[in-house]
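Notes to accompany the following structure.
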Ligand SMILES: C[S@@+](CC[C@H](N)C(=O)[O-])C[C@H]1O[C@@H](n2cnc3c(N)ncnc32)[C@H](O)[C@@H]1O
């Protein structure tokens with residue numbers, strides 16, 4: 001990464017094209033907003049501020065920007081207009097200034113596109129464009145954000161503005177990542193902050209910013225104080241067709257609250273959904289079956305004992321329903337932390353093979369492998385070896401559950417981007433599979449999954465399905481209970497699974 005790009009990244013210096021700024025303004029105009037004060041907290045080269053100032057006849061406009069060159073250029077554009085105040089400052093230390101500048105009774109429009117960078121993203125490039133640590137804890141309400149190890153800088157800026165100005169007639173209209181908009185809504189809903197209306201208009205971030213991230217134009221209007229817990233989601237900033245409503249239920253954000261009301265199966269699964277096997281060493285651990293031979297990721301033929309080899313399906317296989325076995329994986333432990341030295345005497349060929357690639361294991365970056373036995377793996381326990389699994393890929397944007405029966409008496413393993421539950425008998429697995437693929441379950445899942453997430457289908461979501469309630473709906477709750485009852489006391493010692501994702 002060159003220095004210029006690093007600085008650009010640190011400051012989120014990806015200016016909003018005028019075309020997009022105009023789309024934002026058109027939406028606000030259709031709402032007939034009449035701001036007396038316009039504030040752009042990170043105004044950059046000013047496209048958004050320019051579009052806002054020419055659309056609305058405010059008494060005062062304030063643009064804050066850290067880059068002095070941008071401020072100078074913008075002052076020239078505005079020809080030092082007395083009603084427009086461009087300030088070369090750091091937004092993190094400008095909140096008090098804004099409080100002094102903004103009259104409590106005025107209608108305000110806060111608009112902009114703050115940097116889309118996270119604090120952890122900043123730390124990887126040694127960036128310092130971050131609020132001062134001491135300040136974090138003093139901020140009422142911001143604790144929800146800063147309590148997390150990772151948060152978005154734009155989330156911090158927008159939340160801080162909302163926190164300071166939501167009690168007056170203010171409208172907040174920002175381009176941000178969609179996850180940021182949802183986190184801000186959760187913050188508002190958790191705190192029961194009243195507002196008039198909230199809206200999310202997805203934008204094509206590839207087209208406008210050449211960025212591969214889900215982003216939107218997020219508008220929240222505090223002009224009236226209603227006790228709401230909803231946000232309208234549209235199809236796009238261009239088409240503006242209403243799609244669905246986000247909502248809130250028991251502290252959780254629900255993607256489609258209207259659908260959820262008809263398919264509320266939120267509860268606790270009797271089955272524990274887990275991630276597939278994690279080894280971070282696919283070139284060595286995963287072997288492709290080619291003409292009866294096993295070939296590793298280096299193209300080498302591998303001849304090792306069969307005992308530690310298990311059939312493997314990858315996320316793409318599970319998502320595409322392609323469950324013919326074409327790969328095997330070396331399962332070097334039966335439970336987390338098991339001493340792998342046992343392999344040396346029992347499976348000398350496997351031991352020799354793994355040692356011949358020891359560098360690959362040493363180079364695994366994740367700290368979970370530190371101070372663990374050689375060739376350690378994760379997401380492994382007694383449950384991994386139950387004969388039958390029902391699996392789903394966490395990455396793909398559709399619901400495709402697969403029932404995996406044992407292959408040559410061995411349980412099929414799935415990779416770490418998959419989620420699965422393990423069953424002991426076929427009868428049990430079939431009933432669970434039928435429940436999971438029923439319209440009730442599918443509608444429930446579609447109502448709570450955010451398909452725009454990088455990994456939309458998580459164990460947390462799957463573990464929230466109340467299967468008994470679905471079984472009752474179809475009048476076979478008793479059979480479900482009879483077949484799955486052992487699961488409620490499933491071996492506790494094997495439940496230990498690190499929160500890897
Ligand atoms: C994504 S750009 C958006 C610029 C402008 N809002 C637009 O949409 O055209 C983000 C801007 O925030 C500015 N910026 C980054 N960190 C800042 C800070 N701490 N205080 C003020 N401005 C900042 C950057 O220099 C950059 O111009």
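The values are calculated or read from the model by the stated rules, or taken from the named source; none is laboratory data. None of these values were measured; they are calculated from a predicted model. We place every Cβ from the backbone using ideal geometry, glycine too, and count neighbours over all the protein chains shown.
A single entry from 304, 343, 318, 323 fulfils the requirement of being at pLDDT 95 or above and part of a loop (DSSP other than H, G, I, E, B): 304.
Within segment 58-97, the set of residues being under 20 Å from residue 35 (Cα atoms) and touching a helix residue (DSSP H, G or I) at 6+ places or on another chain (Cβ under 7 Å) comprises 61, 62, 63, 64, 84, 86, 95.
Counting only residues that are in contact (Cβ under 8 Å) with a residue 60 or more places away in the chain and part of a helix (DSSP H, G or I), which one in segment 20-62 is nearest to the ligand (Cβ to nearest atom)? Ranking the candidates gives 48 first. In segment 104-116, of all residues being at pLDDT 80 or above and surrounded by fewer than 20 Cβ atoms within 10 Å (Cβ to Cβ), the one that is farthest from residue 52 (Cα to Cα) corresponds to 106. Out of all the residues in segment 151-167, is one or more at pLDDT below 85 and either in contact with a helix residue (DSSP H, G or I) (Cβ under 8 Å, 6 or more places away or on another chain) or outside any loop (DSSP other than H, G, I, E, B) (or both)? Yes, segment 151-167 contains a residue that is at pLDDT below 85 and either in contact with a helix residue (DSSP H, G or I) (Cβ under 8 Å, 6 or more places away or on another chain) or outside any loop (DSSP other than H, G, I, E, B) (or both). Filtered by the rule that a residue be surrounded by fewer than 21 Cβ atoms within 10 Å (Cβ to Cβ) and farther than 19 Å from residue 28 by Cβ, segment 163-177 gives 163, 164, 167. Among the residues of segment 75-86, those identified as buried (at least 17 other Cβ atoms within 10 Å of the Cβ) and at pLDDT below 95 are 75, 78, 84.
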